[in-house]
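The values are calculated or read from the model by the stated rules, or taken from the named source; none is laboratory data. Because the structure is a prediction, the values reported are computed rather than measured. Cβ placement follows ideal geometry from the backbone for every residue including glycine, while neighbour counts extend to all protein chains displayed. Just the protein is used for accessible areas: all its heavy atoms, side chains included, with ligands, DNA and RNA removed. Shrake-Rupley method; radii C 1.70, N 1.55, O 1.52, S 1.80 Å.
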Amino acid sequence: MAVAEPDNAAGRAPRVDAIRNREAIVRAAAEVLAEQGAAVDVREIARRSGVGMGTLYRHFPKKEDLVQTVLRQDFSRWAESARQAAIAAEDPWAAIADFYEQALTGYARHRAIVENLALTWSDPDLEGIQQLRLVIEELCARAQAAGLLRPGVTTDDLLLLLVSLGHAVQVTDECRPRMWRRLLHISLDGLRADRGEPLPGDDVSVH
């Protein structure tokens, strides 16, 4: 298949219709990825965006390019929203609880974010993961300083707990929508400082 000339060839600024098409593709992709995950067929994205496959491929030659564009956008928004909520909460423990509640509610609406976080959560070089890690580090430090967090709990513990609970959201939200909130309550209870049993050693931590 012949590749059409890029819309910004020879240094020209993108045309208005090209910009509009790209925005429509990204919006449609965000909807479909949230509903179906990264295994989505790009033909469905083209259909919802109202463009042809040729137009889609001019903007995003590979499906992975489009998926990463959407995930980077949505993940950054999600992480920033969680950060703002954490800053707004005056009580350190309420900040942790509200963070998980908001994050997991977002998970329930975005299947591809869950899939991506499960694959990349331990990679500190990814921008979205780093944003999220910084939020959790702040939450962890505040709760520890207030004597509310169980000794030995680390940022990695809290981040991996988010991944685990996110998977629980995906497998229970449609059939038993309140089940993940029950599991969240149990998990948060286990993080409290008055849980005296020692945790396993640092050798289980991932950095």
Looking for something more than 17 Å from the chain's Cα centre (by Cα) and on the phi > 0 side of the Ramachandran plot - is there at least one such residue anywhere in region 132-149?
yes
Considering only residues that are surrounded by fewer than 19 Cβ atoms within 10 Å (Cβ to Cβ) and touching a strand residue (DSSP E or B) at 6+ places or on another chain (Cβ under 8 Å), look in region 129-176 and name the one that is nearest to residue 92 (Cα to Cα).
148
Test: residue 190 is exposed (fewer than 14 other Cβ atoms within 10 Å of the Cβ) and assigned to a helix (DSSP H, G or I):
yes
Among the residues of region 137-187, which ones are small (Gly, Ala, Ser) and part of a helix (DSSP H, G or I)?
141, 143, 145, 164, 166, 168, 187
Quick one: is residue 94 modelled with pLDDT of 80 or more, among the small types (Gly, Ala, Ser) and outside any loop (DSSP other than H, G, I, E, B)?
yes
Output the number of the condition that residue 103 fails; it satisfies all remaining conditions of (1) at pLDDT 85 or above; (2) open to solvent by less than 30 Å² (accessible area, probe 1.4 Å); (3) assigned to a helix (DSSP H, G or I).
(1)
Residues satisfying the stated conditions in region 152-176, i.e. within 18 Å of residue 129 (Cβ to Cβ) and either modelled with pLDDT of 85 or more or basic (Lys, Arg) (or both):
154, 155, 156, 157, 158, 159, 160, 161, 162, 164, 165
Search region 79-96 for residues being under 23 Å from residue 112 (Cα atoms) and in contact (Cβ under 8 Å) with a residue 40 or more places away in the chain, and hand back the single one that is most open to solvent (accessible area, probe 1.4 Å).
83
